[in-house]
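Notes to accompany the following structure.
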Amino acid sequence: MSSDAGMRYPDRAMIRIDSLRKAFGPLTALDGVSLEIREGETFGLLGPNGAGKTTLVHCLGGVLVPDAGAVDIDGAGSPDDPAVRRRLGVAPQMPALYGMLTGEENVRFFGRLYGLSGAALAERTREVLDRAGLLERARDRADAYSGGMKRRLNLACALVHDPPILLLDEPTVGVDPQSRLRLFEDVARLKGAGRTVVYTTHAMEEAERLCDRVAILDRGRVLALGTPEELIERHGGPSIVRATLDRVPADPSVLPGRVSGTSVQLETERPFEALARLAAAAEAAGIRLARVRVDRPDLEAVFLALTGRSLRDD
């Protein structure tokens, strides 16, 4: 791919979003969103269904025109301009495929839309289908593909014109575990090749695993922005150490934390140090720890702290 060997400038903004607003009648989908997305980073838009993630992706891709605010793509201007949109590859939430066409025909169709033809189109089609693991099924109709295969074909169509920026909207919805893992590998490979990836999801584990930085959205607003580690440290709250004792202690006060029967719970910023203290106190009292669990805060805890509800709530 031509862009893989290109220079990378980590502090360069590939996407600038300034005070973006979009409403659908009485529903405000985006309420003054401002963000900068840097070259070469995988940037997560994390939030529950209805948070505004897809509306934002549609504005970035030029599908929707915002009511107010501006989007700039790679310093070239608005995605309203077809020349600017060529810098984008978009894999929408609902796969944009033609079921009566084969996988190969779908990729070639989208390649022609972006001006590819002849040997260049044939080479790119084969390359992206190979990367997607679909060469052996390239001449099968897309409506015969599984959900995971359709997702991979969707990504192949988005990549055929070799764009520097990828917009991936909930790419793992409805896919099997094997295809989900392959999509994770694809995103990691794209990042390694220097692509800028915007990745929307309501799954905290995907954001933590894949994204360099995350913007948490809810009701059309950005609630928090940072690396997953920064957000968890800032908003996630303490870790919780839970232990089950082999018997009820005669004097619960000798153990740190809250003791209830044979259960002990400690809230702490330093879970492993707390666990060591608990183990030492239990040993001194002649009690054995039968089972131990450490629950560390995650992005779900961050969202809960910011909104009072779960990421998965609608």
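The values are calculated or read from the model by the stated rules, or taken from the named source; none is laboratory data. These figures come from a predicted structure and were not determined experimentally. Cβ placement follows ideal geometry from the backbone for every residue including glycine, while neighbour counts extend to all protein chains displayed. Heads up: the accessible areas ignore ligands, DNA and RNA and are worked out on the full protein's heavy atoms, side chains in. Shrake-Rupley method; radii C 1.70, N 1.55, O 1.52, S 1.80 Å.
Restricting the search to segment 126-179, which residues are among the basic types (Lys, Arg) and either open to solvent by less than 60 Å² (accessible area, probe 1.4 Å) or closer than 23 Å to residue 58 by Cα (or both)?
Keep residues of segment 126-179 that are among the basic types (Lys, Arg), which gives 126, 131, 137, 139, 141, 150-152.
Result: 150, 151, 152.
With the condition kept exactly as written, say whether any residue in segment 167-177 is within 11 Å of the chain's Cα centre (by Cα) and farther than 25 Å from residue 108 by Cβ.
As a first pass, look at segment 167-177 and keep what is within 11 Å of the chain's Cα centre (by Cα): 167-172.
Pick out the ones that are also farther than 25 Å from residue 108 by Cβ and you get 170, 172.
Within segment 167-177 (the criterion being within 11 Å of the chain's Cα centre (by Cα) and farther than 25 Å from residue 108 by Cβ), the answer is yes, since at least one residue qualifies.
In contact with a helix residue (DSSP H, G or I) (Cβ under 7 Å, 6 or more places away or on another chain), within 19 Å of residue 224 (Cα to Cα) and either of a type in the set (A, V, I, L, M, F, W, C) or modelled with pLDDT of 95 or more (or both): does that describe residue 32?
Working: in contact with a helix residue (DSSP H, G or I) (Cβ under 7 Å, 6 or more places away or on another chain): no; within 19 Å of residue 224 (Cα to Cα): yes; either of a type in the set (A, V, I, L, M, F, W, C) or modelled with pLDDT of 95 or more (or both): yes.
No, not satisfied.
Which residues, taken from segment 280-298, are part of a strand (DSSP E or B) and open to solvent by less than 60 Å² (accessible area, probe 1.4 Å)?
Within segment 280-298, the first condition is being part of a strand (DSSP E or B), and the residues that meet it are 289-295.
The answer is 289, 290, 294, 295.
Of all residues being out of contact with any helix residue (DSSP H, G or I) (no Cβ under 8 Å at 6 or more places or on another chain) and surrounded by 15 or more Cβ atoms within 10 Å (Cβ to Cβ) in segment 72-108, which is nearest to residue 143 (Cα to Cα)? Just the residue, please.
The qualifying residue nearest to residue 143 (Cα to Cα) is 105.
Looking at segment 205-217, is at least one residue over 15 Å from the mean Cα position of the chain (by Cα) and either under 24 Å from residue 102 (Cα atoms) or in contact (Cβ under 8 Å) with a residue 60 or more places away in the chain (or both)? Spell out the reasoning first.
To start, the set of residues in segment 205-217 that are over 15 Å from the mean Cα position of the chain (by Cα) comprises none.
No, the conditions are met nowhere in segment 205-217.
Would you mention how many residues in segment 170-211 are over 22 Å from residue 48 (Cβ atoms) and among the acidic types (Asp, Glu)?
Residues meeting the conditions: 3.
Quickly run through segment 32-57 and pick out the residues that are open to solvent by 10 Å² or more (accessible area, probe 1.4 Å) and among the β-branched types (Val, Ile, Thr).
Scanning segment 32-57 gives 54, 55.
Could you please let me know if residue 124 is in contact with a His (Cβ under 9 Å, 6 or more places away or on another chain) and more than 20 Å from residue 92 (Cβ to Cβ)? Walk me through it before giving the result.
On the way: in contact with a His (Cβ under 9 Å, 6 or more places away or on another chain): yes; more than 20 Å from residue 92 (Cβ to Cβ): yes.
Answer is yes for this residue.
Going by the conditions given, is residue 301 of a type in the set (Gly, Ala, Ser) and part of a helix (DSSP H, G or I)?
Taking the combined requirement at face value, the residue satisfies it.
Considering only residues of segment 70-100 that are in contact with a strand residue (DSSP E or B) (Cβ under 7 Å, 6 or more places away or on another chain) and part of a loop (DSSP other than H, G, I, E, B), which is nearest to residue 201 (Cα to Cα)? Write out each step before concluding.
In the first step, residues of segment 70-100 are kept if they are in contact with a strand residue (DSSP E or B) (Cβ under 7 Å, 6 or more places away or on another chain); the result is 70-74, 78-79, 84, 87-93, 99-100.
Going one step further and asking which of them are part of a loop (DSSP other than H, G, I, E, B), we end up with 74, 78-79, 87, 92-93, 99-100.
Details: 74: 23, 78: 24, 79: 22, 87: 22, 92: 12, 93: 10, 99: 25, 100: 29 Å.
Top of the filtered list is 93.
Determine whether residue 123 is closer than 27 Å to residue 15 by Cβ and in a helix (DSSP H, G or I). Steps first, please.
Working: closer than 27 Å to residue 15 by Cβ: no; in a helix (DSSP H, G or I): yes.
Taking the combined requirement at face value, the residue does not satisfy it.
So, in segment 229-252, of the ones that are open to solvent by less than 70 Å² (accessible area, probe 1.4 Å) and in a helix (DSSP H, G or I), which residue ends up nearest to residue 264 (Cα to Cα)? Can you show your working first?
Let us first name the residues in segment 229-252 that are open to solvent by less than 70 Å² (accessible area, probe 1.4 Å), namely 231-232, 235-241, 243-245, 249, 252.
Remaining after also requiring in a helix (DSSP H, G or I): 231-232, 235, 252.
Details: 231: 28, 232: 24, 235: 25, 252: 9 Å.
Per the stated criteria, the residue is 252.
Looking at residue 311, is it in contact (Cβ under 8 Å) with a residue 60 or more places away in the chain, touching an Asp or Glu at 6+ places or on another chain (Cβ under 8 Å), within 30 Å of residue 226 (Cβ to Cβ) and open to solvent by 30 Å² or more (accessible area, probe 1.4 Å)? Explain how you work it out, then say what you get.
Details: in contact (Cβ under 8 Å) with a residue 60 or more places away in the chain: yes; touching an Asp or Glu at 6+ places or on another chain (Cβ under 8 Å): yes; within 30 Å of residue 226 (Cβ to Cβ): yes; open to solvent by 30 Å² or more (accessible area, probe 1.4 Å): no.
No.
May I ask you to verify whether residue 226 is open to solvent by less than 20 Å² (accessible area, probe 1.4 Å), under 30 Å from residue 90 (Cα atoms), free of Cβ contacts under 8 Å to residues at least 60 places away in the same chain and not basic (Lys, Arg)? Working first, answer last.
Working: open to solvent by less than 20 Å² (accessible area, probe 1.4 Å): yes; under 30 Å from residue 90 (Cα atoms): yes; free of Cβ contacts under 8 Å to residues at least 60 places away in the same chain: yes; not basic (Lys, Arg): yes.
Taking the combined requirement at face value, the residue satisfies it.
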